[in-house]
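Read the structure below first, then the notes.
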Amino acid sequence: MPEQQFTVIQAIEHQATACARVGSALYASLLTGLAADYLSGGVTAELLEGVSDQPLHDAIPLRYLATAHRLALTGDAPELVPHYPSCGGQWAGADITDAFLSVVAHHRREFLQGMLQNVQTNEVGRAVALTAGFSMVAARHGLPLRTLEIGGSAGLLSRWPSYGYDTGESTAGDPESPVQFDASWYTGALPALHGAIAVVERASSDIAPIDASTPAGQLSMLSFLWPDQLERRARLQAAFRVAELDPVRVDQADAGEWLAARLGCGLPDGVATVVFHSIVWQYLPRSTKDAVRAALAEAGRTATPASPLCWLRMEPANAEHADLRLTSWPVSGCADGHEELLAHVGYHGADLRWLS
Ligand SMILES: C[S@@+](CC[C@H](N)C(=O)[O-])C[C@H]1O[C@@H](n2cnc3c(N)ncnc32)[C@H](O)[C@@H]1O
């Protein structure tokens, strides 16, 4: 088997395993059926082959699934609607590969286009980890926050103050918000949350922002969710309602250039500036990562106790969990800042385990 074909099938199989692990039995089953279609030289091979030389990294199997989900959500794939809980259907474990392939046969043009569209979710659950970090920064410095997000997608995580959090021992955010995170999101040692955290500015950016206020933007984001994960879907829809009431502009920009421009204006006094991101680092080209690090290091050198700089990020650690890390400036005698591992957390924000 040529190496590239092997890589596509590996990506399909890897994705099937990942879906089974993070709670989409439907997609795990469907991907297993689509892997068989691929191996027999079916339409799955035709559509997925050659789209990217990094099929796993570029989530090529998920582009395929999302195209069909988008059609199901708009009612244009009636074969799938009865099986997709997101469309009001029910899935009881049957193999629906034939139904899926029938949709592909009827919508070839949409699939050709869909295979070129990057998978882009904006997982609101990650606000649980980020807010624990923001709480710690606010308490430590005793200052209001200015948050700068890179890779923000639709900016839903920049709305973190507009969601509610309750560890069972402490709370943060808006207790009336339609997006609530209760004690079931936390496990083991708990972070200390600090009620209403003052935020003076929130800015977000992404190379390809999604407008969560438009039907097209919302449909795109819903299509990338897995059809049997109704809780995630309900949370995303609730976040759309929050987004309407709490607008945050997402600038279209490369993370490195945007951050250099923002931090280049200097760190304001009386405010803790927090640069943050979640599940973004792996997607940035090396030049962008270098530019982000350089912008942070340069601004870090000018940070003072009255104008501290923090870099908060939730990024992959291993197959099971991501790490929440914080680097802070100023640190006397250390230009690189002081780095701490704050927490382990599931990729979609569940099971936050505070370590700091
Ligand atoms: C997996 S998504 C994560 C989105 C969001 N941070 C979250 O946790 O839900 C990765 C995001 O990084 C963005 N991205 C990729 N390359 C970028 C770049 N060079 N500059 C800025 N954003 C980039 C993508 O457009 C995408 O929105």
Neighbourhood net charge (9 Å Cβ-Cβ; Lys/Arg +1, Asp/Glu -1) for Arg146: 0
Highest average packing first - 304-316, 122-134, Cβ atoms within 10 Å: 122-134, 304-316
Once phi is turned into θ = phi - 60°, what whole-Hz ³J(HN,Hα) does the Karplus curve with 6.51, -1.76 and 1.60 give for every residue of the stretch 196-202, x standing for Gly and Pro? 8, 8, 6, 10, 8, 7, 10
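Starting from the Kirkwood Rh over alpha-carbon pairs, what translational D in µm² s⁻¹ does the chain have by Stokes-Einstein at 25 °C and 0.890 mPa s?
Answer, rounded: 115 µm²/s.
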Can you list residues whose amide H is under 5 Å from Glu149's amide H, if they're 5+ apart or on another chain and H is modeled 1.01 Å from N? Ala203, Ser204, Ser205, Phe276
Sorted by chain and number, the residues with a modelled amide H under 5 Å from that of Leu225, at a separation of 5 or more or across chains, are none
How many percent of DSSP beta bridges within the chain run antiparallel, rounded to 5? 50 percent
Sorted peptide list for 23-31, 85-93, 182-190, criterion being average Cβ within 10 angstrom, highest first: 23-31, 182-190, 85-93
Please give the net charge around Pro175, taking every other residue with its beta carbon less than 12 angstrom from that of Pro175, where Lys and Arg add +1 and Asp and Glu add -1. -4
Given the options Ala239, Ala138, Ala105, state which has the largest fluctuation in a GNM of the chain using a 10 Å cut-off (strictly under) for Cα springs. Ala105
With the dipole of the stretch 3-114 worked out from charges on the C-beta (+1 for Lys and Arg, -1 for Asp and Glu) around the Cα centre, which of Thr7, Pro85, Ala66 lies farthest toward the positive end? Pro85
So what does log10 I(q)/I(0) come out to for the stretch 245-356 at q = 0.11, 0.13, 0.22 Å⁻¹, using the Debye formula with one equal point on every Cα and no solvent? -0.39, -0.55, -1.28
Please state the charge dipole magnitude for the stretch 124-354, taken about the Cα centre, from unit charges on C-beta atoms (+1 on K and R, -1 on D and E), reported in debye and rounded to the nearest 20. 200 debye
Could you tell me the ratio Rg/Rh of the stretch 3-114? Both radii from Cα atoms, Rh via Kirkwood. 0.94
Using helices alone, I'd like the mean residue ellipticity at 222 nm for the chain: each DSSP H run of four-plus residues gives -39500 (n - 2.57), total over residue count, nearest 500. -12000 deg cm²/dmol
Which is farthest toward the positive dipole end of the stretch 124-354 among Ser287, Trp226, Ala216, measuring Cα position about the Cα centre, with Cβ charges +1 (Lys, Arg) and -1 (Asp, Glu)? Ser287
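Throughout, read-outs are computed from the coordinates displayed, never taken from laboratory work. Everything numeric in this text was worked out from a predicted model, so none of it was measured. Don't worry about glycine lacking a Cβ; one is built from the backbone with ideal geometry, like all the others, and counts go over all protein chains shown.
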